[in-house]
Amino acid sequence: MRRSAVLAVAAAAVSLVALVGCNDDAAPAASSTAPEAAPASTPTAASTPTPTAVATPTPTATAVATTAGGVIDPEKALALAEKTPYAATQDFTTEGGPISALTKARVNLNGPVRSGRLAESMSAGGTEVIGSGSDSPTVVVTDDGTTYIKSGSSWRTSPLGDRIPDYHGYAKALLALGPSARTGMEDCEGTPCYHLSGTVDLESMKAVEPEQYKILKGKGVESFRLDQWIDAQGRTVRYDRKNELRGIQVRTHGTFRDFGPVEKVDPPR
């Protein structure tokens with residue numbers, strides 16, 4: 001690979017690490033964050049971090065926002081989800097050039113604080129560079145919003161608090177684009193979903209994922225392509241974001257499943 005190409009890939013790799021949360025206030029040792037391996041591949045079924053304690057169950061939404069014909073009204077669906085916090089299992093892959101990162105997590109969404117346990121890992125050209133490859137949490141965001149990063153065998157706090165984006169906010173940003181963003185009903189592995197799609201101005205990211213916004217803004221990104229699928233209760237089932245970063249195409253995509261009541265997240269031990 002020519003030197004110029006190597007430098008470009010290296011720059012994109014640094015940015016991609018930040019995108020998936022592997023490089024924050026102080027770069028941990030290579031074994032400190034557990035982001036993924038397997039370049040340009042969609043994560044296969046794998047176990048996810050299991051919370052150690054469960055709070056008093058909060059009922060998930062039982063109402064659905066569909067017409068008599070079974071078509072989801074996305075605005076009404078998002079209004080339902082906005083009122084009902086819930087937990088979900090997340091499997092996400094981020095790909096860019098030779099870099100591939102995986103996030104497997106159990107997260108609480110749509111509450112006053114987005115919390116959860118995340119296992120992150122990253123590989124370059126098929127070689128793991130960050131993470132142990134296990135499913136053990138490497139990032140924990142507790143119920144009070146404190147973020148903990150695993151560094152070796154110990155944990156440290158991090159000032160970066162948006163390790164879990166506001167996916168509900170992203171869906172609302174798509175709706176704000178108008179009728180052109182309403183692609184329509186699709187099947188998401190057996191779940192009826194409404195597909196929202198469009199090119200979103202980067203400024204829309206500022207409120208829903210502030211640290212990510214700062215990274216992309218600093219790299220000169222002005223917009224990104226976003227596809228999002230929500231169910232009849234307004235919960236995100238699939239997510240797919242694409243943008244160009246210094247000539248490198250970066251894609252973050254994945255799914256949410258196993259919806260349930262909000263789960264208690266205590267500090268790691």
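What follows is calculated from the coordinates using simple rules that are stated; it is not laboratory data. Not measured: the values here are computed from a predicted model. Heads up, the Cβs are rebuilt from the backbone with ideal geometry, glycines too, and the neighbour counts pull from every protein chain shown.
Just wondering, is there one or more residues in the stretch 128-137 that are surrounded by fewer than 24 Cβ atoms within 10 Å (Cβ to Cβ), under 17 Å from the mean Cα position of the chain (by Cα) and in contact (Cβ under 8 Å) with a residue 60 or more places away in the chain? The answer is yes, given that some residue of the stretch 128-137 is surrounded by fewer than 24 Cβ atoms within 10 Å (Cβ to Cβ), under 17 Å from the mean Cα position of the chain (by Cα) and in contact (Cβ under 8 Å) with a residue 60 or more places away in the chain. When we screen Gly178, Gly145 for residues that are under 17 Å from the mean Cα position of the chain (by Cα), surrounded by fewer than 17 Cβ atoms within 10 Å (Cβ to Cβ) and farther than 18 Å from Arg257 by Cβ, the only hit is Gly145. In the stretch 217-246, the qualifying residues are those that are out of contact with any Leu (no Cβ under 6 Å at 6 or more places or on another chain) and assigned to a loop (DSSP other than H, G, I, E, B), and the one that is nearest to Gln90 (Cα to Cα) is Arg235. Examine the stretch 192-199 for a residue that is part of a loop (DSSP other than H, G, I, E, B), touching a Leu at 6+ places or on another chain (Cβ under 7 Å) and not β-branched (Val, Ile, Thr), and state whether such a residue exists. No, the conditions are met nowhere in the stretch 192-199. Touching a residue at least 60 places away in the same chain (Cβ under 8 Å) and of a type outside the set (Gly, Ala, Ser), is that true of Thr147? Criteria not met by Thr147.
A quick yes/no check of all residues on (1) closer than 23 Å to Ala207 by Cα; (2) surrounded by fewer than 24 Cβ atoms within 10 Å (Cβ to Cβ); (3) in contact (Cβ under 8 Å) with a residue 40 or more places away in the chain:
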| site | (1), (2), (3) |
| --- | --- |
| Glu82 | yes, yes, yes |
| Ser100 | no, no, yes |
| Ser121 | no, no, yes |
| Ala124 | no, yes, yes |
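The residue pairs whose first member lies in the stretch 228-249 and is farther than 24 Å from Glu75 by Cα, whose second member is among the charged types (D, E, K, R), and whose beta carbons are closer than 6 Å, counting only pairs six or more residues apart or on different chains, are Leu245/Lys219.
Taking Leu118 as the residue in question, decide whether it is of a type in the set (A, V, I, L, M) and in contact with a helix residue (DSSP H, G or I) (Cβ under 9 Å, 6 or more places away or on another chain). Considered against the rule, which asks whether it is of a type in the set (A, V, I, L, M) and in contact with a helix residue (DSSP H, G or I) (Cβ under 9 Å, 6 or more places away or on another chain), Leu118 comes out as no.
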